[in-house]
Amino acid sequence: MSTAPTIDYEKIKGVHKIPLEELYTSGHRTCQGCESATTMRGFIKVAGPRTVVTGSTGCMYVANTSYLTTPWIVPWMHTQLGAGGSSAVGMAAGLRALKRKGKIKDEKINVINFSGDLGAGDMGIGGISAALQSDYDLLIIMYDNESAANTDIQATGLTTYGAQTTFTPPGTKHPIMQRRWKKNVAGMLAVGHPTCRYVATACATFPPTDYLNKVRKALSIGGPTFIHTYDPCPKGWDYHPRFSNELGELGIKCGLYPLYEIVEGHVIYTWDARKTGKGRIPVRDFLTKQGRFDHLKEEHFTYIQKMVDEMWDEWAIPGVAPIKGILKARI
């Protein structure tokens, strides 16, 4: 089996080595316990000041561009809901042209787009697909809180099966209205864009520094890259804001949210839920800590557990593709 390519980057070795400079600071209006704010604060810390950020419409746009205020120290541009990928391409193309014409210094300037699960995984996925087929240096981060959170928690293609949203209210006759299984956006993009050199999934807080190092890798490897982050949402998931970090960890440990990175076709697990030493927990331990699943009955827990077990036991690459042989997995 061939070896995955080595990425030359400056690794963060432990939480005490995380950069101290704050480039996403006070002034935002995110909810208490918002994991997406942690995701933003993390990626700009490791990307550094020579970075431009574009953000498509979503709860993070509302939180970060209130009238005459912004928490961003670096240049930030708001773009429309489905325009995350095209805005990143346009920004990267503009910077390349300015460098070629000698208008700005020829140095590395990071281009990062930050779009939600509705903007990146549903409405904007066509533009992101086009961006990943370009030759520009850019990173697209899809923050996934499993809902259209700024318009009162509507379901998206990435909402967990069985969850209550304003689009999928449970009833006596039909307790499960969210019947779709979560869309595998990272896997779909990895399989469908073989020239995209780096695709990963991550959580801002677990395992420690994993997400930060994945951002560093994505920015270092060059070309268009993509990271899907899992962002617990106290408002949409209905739990106390102090438990955001715990919910992210439980979602990974129960196997619902596979953590991996795909480097030029090679899959490397950050958290391999098939290994006995990892201690995979029942999905019930994750679901019962959220009010959006209070209506689930025993048969629903059994079905979700069956689906998760099948994904890890039968699929060649859990959470990526249910067909063996598409990508090369390093176990």
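The values are calculated or read from the model by the stated rules, or taken from the named source; none is laboratory data. Everything numeric in this text was worked out from a predicted model, so none of it was measured. Cβ sites come from the backbone with ideal geometry, for glycine too, and all protein chains shown count toward neighbours. Accessible surface areas use protein heavy atoms only, side chains included; no ligands, DNA or RNA. Shrake-Rupley method; radii C 1.70, N 1.55, O 1.52, S 1.80 Å.
Below are the figures for this structure:
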quantity: [x] 19.1, 60; [y] 25.2, 107; [z] 19.2, 67, with the label sought being that of the calculated Rg and Dmax of the Cα atoms in Å; calculated: [z]
quantity: Proximal aspartates and glutamates relative to Lys13, as straight alpha-carbon distance under 13 Å, when same-chain residues fewer than 8 apart are discounted; calculated: Asp210
quantity: Estimated distance in nm for a label pair at Ala130 and Lys306, the labels positioned 7 Å out from Cα along Cα-to-Cβ; calculated: 4.3 nm
quantity: Whole-number percent relative contact order across the chain, with pairs defined as alpha carbons under 8 Å at least 6 apart; calculated: 17 percent
quantity: Spacing of the two label points (7 Å from each Cα toward its C-beta) at Lys11 and Asn245, in nm; calculated: 2.3 nm
quantity: DSSP beta bridges in the chain [antiparallel fraction, %, rounded to 5]; calculated: 30 percent
quantity: Region 1-112, relative contact order [Cα under 8 Å, separation at least 6], %; calculated: 28 percent
quantity: For region 148-236, alpha-carbon Rg relative to the globular expectation (2.2 N^0.38 Å, N residues); calculated: 1.35
quantity: Estimated D of region 33-190 in µm² per second, where Rh is the Kirkwood radius over Cα pairs and Stokes-Einstein applies at 10 °C, 1.306 mPa s; calculated: 95 µm²/s
quantity: Separation of alpha-carbon centers, region 107-134 and region 180-222, rounded to whole Å; calculated: 12 Å
quantity: Aspartates and glutamates whose Cα lies under 12 Å from that of Lys217, excluding same-chain neighbours fewer than 8 positions away; calculated: Asp8, Glu10, Glu261
quantity: Computed over region 230-278: relative contact order in percent, which uses C-alpha pairs under 8 Å that are six or more apart; calculated: 25 percent
quantity: Structure-based [θ]222 nm, the chain - -39500 (n - 2.57) summed over DSSP H runs of at least 4, per residue, nearest 500; calculated: -9000 deg cm²/dmol
quantity: Per-selection metrics, region 21-92 (Cα): Rg and Dmax in Å; calculated: 11.8, 33
quantity: The chain - accessible surface per residue (Å², probe 1.4 Å); calculated: 44 Å²
quantity: Carbon and sulfur %, accessible surface of the chain computed with the full protein complex present, 1.4 Å; calculated: 53 percent
quantity: Relative pair counts by distance (%), Cα atoms of region 246-308, 10 Å bins; calculated: 21, 47, 25, 8, 0
quantity: Cα gyration tensor of region 99-140 - equivalent ellipsoid semi-axes, whole Å, descending; calculated: 27, 11, 7
quantity: Residues with amide H under 5 Å from that of Thr79, placed H, sequence gap 5 or more; calculated: Gly55, Ser56, Thr57
quantity: Amide hydrogen neighbours beyond the local backbone of Trp271, cut-off 5 Å, H modeled; calculated: Leu259
quantity: Proximal charge balance of Gly121 [Cβ under 11 Å; K/R count +1, D/E count -1]; calculated: -2
quantity: Ratio of Rg to Rh over region 89-166 (Cα coordinates, Kirkwood Rh, two decimals); calculated: 1.15
quantity: Share antiparallel - DSSP beta bridges, region 137-237, percent rounded to 5; calculated: 10 percent
